[in-house]
Amino acid sequence: MTVLDSSAVLAVAFGETGASAVLSVAPSALLSAANLAEVLTVAERKNVDSDKVFHEILGLGVTIVPVTDSQAIMAAKLWLLARSLNLSLGDRICLALAIERNVEVLTSDREMTRIAVAVPVTLFR
């Protein structure tokens, strides 16, 4: 099982480099609702129908996971741990979900690979 960062889902949605690596894990992947909001916001900014993108994500078999209070607490603590990396709230929620489930994160965000966490953070491109 893998937790997808927003960048991974966006790569698939917009046919970017590395999309095939994301597609290979999508049927068993998790996506935080916070990261879903980021993806859909980017779609709207690019004048792409976010409802269509949402249904495409679901069609990949990705499981959307609500943000829990424990993930919120962990995300705050991750900010303290990696202040200099300037990770977004979505990045930290993604990491918190992966830590909670003890699974890998798939991302294109090199900054996320620089934080010392107990789960692998893998770049897909």
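Just so it is clear, none of the values below were taken in a lab; they were calculated from the coordinates. Computed from a prediction, not measured in an experiment: that's the story for all the values here. Glycine gets a Cβ as well: all are built from the backbone with ideal geometry, and neighbour counts include every protein chain shown.
What's the exposure ranking of LEU40, LEU89, LEU4, going from fewest to most Cβ atoms within 10 Å?
Starting with the residue having the fewest Cβ neighbours, the order is LEU89, LEU40, LEU4.
For the chain, with only Lys/Arg (+1) and Asp/Glu (-1) charged at the beta-carbon, what is the dipole magnitude about the Cα centre, in debye rounded to 20?
320 debye
Roughly what % antiparallel, to the nearest 5, for the DSSP beta bridges in the chain?
Beta bridges within the chain, antiparallel portion: roughly 0 percent.
Quick check on packing: order 57-68, 98-109 by the mean number of other C-beta atoms within 10 Å, highest mean leading.
Put in order of decreasing packing, that is 98-109, 57-68.
Please arrange ARG110, ARG92 by counting, for each residue, the other beta carbons lying within 10 Å of its beta carbon, fewest first.
ARG110, ARG92
Under a plain spin-label model, where a point goes 7 Å from the Cα along Cα-to-Cβ, how far apart in nm are GLU111 and ILE64?
Result: 2.6 nm between the two label points.
Within the chain, which whole H helices from DSSP have a Cα span along their axis of at least 15 Å and a mean Kyte-Doolittle hydropathy of -0.5 or more, if any?
33-45, 69-81, 89-101
Gain in length, LEU80 to ARG45, computed as 0.36 nm per residue apart minus the alpha-carbon separation, to one decimal in nm?
Full extension from LEU80 to ARG45 adds 9.6 nm.
Mark the label point 7 Å from the Cα of THR122 along Cα→Cβ and return the residues of segment 59-87 whose backbone N is within less than 18 Å of it.
61-63
Is the shape of segment 17-72 best called rounded, prolate or oblate, per the rule: a/c under 1.5 gives rounded, else a/b larger than b/c gives prolate, else oblate, with a ≥ b ≥ c the square roots of the Cα gyration tensor eigenvalues?
Oblate is the answer for segment 17-72, as a/c is 1.5 or above yet b/c matches or exceeds a/b.
Order of ASP5, ASP49, ASP69 from fewest to most other C-beta atoms within 10 Å?
Fewest-to-most ranking of ASP5, ASP49, ASP69: ASP69, ASP49, ASP5.
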